[in-house]
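Student: Below is the structure I would like to discuss, written out as structure tokens.
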Amino acid sequence: MKKYLAVAVTTVFFLCLMTMMVFFMLFRDTSSEEGILTSGDNPDGTLLYTENAEELYEDDEVLPGKEGFFCIPIPDGTKKEDIGIDDRKMDDMTLISIPAEDPDYYYNHNLSGSKVNIKNIGFGTDNGRVIFEIHTDGVCVMTSEISDRCLYIRYDRPHDIYDRVILIDPGHGGDDSGSEAYGVREKDITLGIAQKIGNDPEKTEGIFYTRPDDSTVPLKDREEYAEKLAPDMLVTLHTNADGSTRITRGVEVYYNKDELKEKAGKLADELSKISGGTEKKVQKKKQLPGFEESDIPGIYVGAGFITNKSEAEMMASQEYEEKAAKAIEEIF
Ligand SMILES: [Zn+2]
């Protein structure tokens with residue numbers, strides 16, 4: 001009797017073990033798909049996702065002349081203009097879309113090269129294209145090159161490649177227009193100035209933006225991005241409004257660190273000059289508006305009063321935006 005019991009227990013044990021193994025094999029892939037599916041960009045069918053970028057590489061070999069780059073093989077005949085690259089710096093992520101008729105192409109063509117600053121990579125298919133989702137370790141600058149067989153990509157940490165890192169924050173944007181008067185919107189002025197900063201090639205390097213276009217970016221996200229980027233200086237751009245009177249005009253500049261006092265003064269002088277010698281106020285504030293939680297050295301610019309008709313019209317002009325952008329560049 002004891003012998004039968006032993007056989008029964010052993011059988012049950014092995015049956016359990018086999019069931020567990022089958023479950024593991026069945027559901028292993030499903031769980032590893034979750035990472036990329038959360039992006040919502042390629043809902044139909046994920047091929048592979050890995051938490052660890054290493055799993056996608058066949059070797060660590062450094063490609064000759066391509067140190068620091070990694071290679072995403074591209075199918076024969078792929079043209080440069082067919083490849084889509086969506087650099088989402090604020091999310092530490094890049095989406096790359098490559099036309100591939102054979103969805104299994106990337107099962108047979110592995111990535112290779114440098115994995116520096118890459119946290120994980122996923123890829124999936126979407127309408128005859130393969131979408132790569134690349135996550136980096138923190139904010140990175142992406143460089144890409146296309147050859148006949150590879151899309152070469154590398155990621156660098158800003159402070160490793162630039163002498164100084166500046167974060168420009170064009171106030172408001174998207175659903176949030178900021179203050180508005182005489183058909184002029186604060187969000188357009190701040191973006192207009194921001195987009196003209198860095199046109200001088202000497203000054204372009206190391207400049208980052210909380211929003212590059214008219215998109216809605218919550219204050220919390222801007223602050224988080226600033227914390228991650230840890231710029232040497234933050235410049236947050238706004239215009240002023242006075243609801244009680246349309247006469248108030250002038251420039252307001254705040255700074256939060258003593259070492260920025262001189263720069264803030266210089267910027268206020270210059271902006272006031274551009275505005276035709278208006279009043280100016282320079283003040284130290286413990287916290288910059290919109291960045292109350294962070295301790296990053298920064299300057300707040302209240303360029304002028306949108307509620308003052310002549311200032312609103314002036315600030316909306318290309319000429320003013322160009323001059324203001326230049327004045328801001330001068331303090332970098
Ligand atoms: Zn504002």
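Student: Could you grab me the full set of residues in the stretch 278-325 that are in a helix (DSSP H, G or I) and in contact with a helix residue (DSSP H, G or I) (Cβ under 8 Å, 6 or more places away or on another chain)?
Tutor: So in the stretch 278-325, the residues in a helix (DSSP H, G or I) come out as 309-315, 318-325.
Matches in the stretch 278-325: Met314, Met315, Gln318, Tyr320, Glu321, Glu322, Lys323, Ala324, Ala325.
Student: May I ask you to list the residues in the stretch 186-197 that are under 20 Å from the mean Cα position of the chain (by Cα), within 16 Å of the ligand (Cβ to nearest atom) and buried (at least 23 other Cβ atoms within 10 Å of the Cβ)? Full working, then the answer.
Tutor: Applying the first criterion (under 20 Å from the mean Cα position of the chain (by Cα)) to the stretch 186-197 yields 187, 190-197.
With within 16 Å of the ligand (Cβ to nearest atom) added as a condition, the list becomes 187, 190-194.
If the condition is that a residue be under 20 Å from the mean Cα position of the chain (by Cα), within 16 Å of the ligand (Cβ to nearest atom) and buried (at least 23 other Cβ atoms within 10 Å of the Cβ), then Lys187, Thr190, Leu191, Ile193, Ala194 are the ones that fit.
Student: Contact list please: Cβ distance under 7 Å, first residue in the stretch 125-144 and under 29 Å from His159 (Cα atoms), second residue of a type in the set (Lys, Arg) and exposed (fewer than 15 other Cβ atoms within 10 Å of the Cβ), pairs at least six apart or on different chains.
Tutor: Listed pairs, sorted by first residue: Gly138/Lys228; Val139/Lys228.
Student: Here's another thing I want to ask about it. Any residue that is of a type in the set (A, V, I, L, M, F, W, C), within 16 Å of the ligand (Cβ to nearest atom) and not assigned by TED's automatic domain parsing to the domain that holds Gly138 - is there at least one of those in the stretch 258-271? Can you show your working first?
Tutor: We begin by selecting, within the stretch 258-271, every residue of a type in the set (A, V, I, L, M, F, W, C); these are 260, 264, 267-268, 271.
Subset that is within 16 Å of the ligand (Cβ to nearest atom): 271.
After this cut, where a residue has to be not assigned by TED's automatic domain parsing to the domain that holds Gly138 as well, the list is 271.
There is at least one residue in the stretch 258-271 that is of a type in the set (A, V, I, L, M, F, W, C), within 16 Å of the ligand (Cβ to nearest atom) and not assigned by TED's automatic domain parsing to the domain that holds Gly138.
Student: On to the next question. When you look at Glu223, is it outside any loop (DSSP other than H, G, I, E, B), within 16 Å of the ligand (Cβ to nearest atom), crowded, with 16+ Cβ neighbours inside 10 Å and more than 25 Å from the chain's Cα centre (by Cα), yes or no?
Tutor: Numbers: outside any loop (DSSP other than H, G, I, E, B): yes; within 16 Å of the ligand (Cβ to nearest atom): yes; crowded, with 16+ Cβ neighbours inside 10 Å: yes; more than 25 Å from the chain's Cα centre (by Cα): no.
So Glu223 does not fit the description; no.
Student: Something else now. Residues of the stretch 233-248 being within 16 Å of the ligand (Cβ to nearest atom) and over 16 Å from Arg185 (Cα atoms), which ones?
Tutor: Within the stretch 233-248, the first condition is being within 16 Å of the ligand (Cβ to nearest atom), and the residues that meet it are 234-243, 248.
The answer is Leu234, Val235, Thr236, Thr248.
Student: Filter the stretch 255-287 down to residues that are among the basic types (Lys, Arg) and within 20 Å of Asp232 (Cα to Cα) and give me whichever is surrounded by the fewest Cβ atoms within 10 Å (Cβ to Cβ).
Tutor: Kept after step one, since they are among the basic types (Lys, Arg), are these residues of the stretch 255-287: 257, 261, 263, 266, 273, 280-281, 284-286.
Right, trim to within 20 Å of Asp232 (Cα to Cα) and you get 257, 261, 263, 266, 284-286.
On the way: Lys257: 15, Lys261: 12, Lys263: 20, Lys266: 15, Lys284: 12, Lys285: 12, Lys286: 8.
By that ranking, first place goes to Lys286.
Student: Is it true that Gly183 is within 16 Å of the ligand (Cβ to nearest atom) and on the phi > 0 side of the Ramachandran plot?
Tutor: No; evaluated as a whole, the condition is false for this residue.
The values are calculated or read from the model by the stated rules, or taken from the named source; none is laboratory data. Keep in mind that this is a model prediction, so the values were computed, not measured. Glycine also receives a Cβ, built like all others from the backbone with ideal geometry; neighbour counts cover every protein chain displayed.
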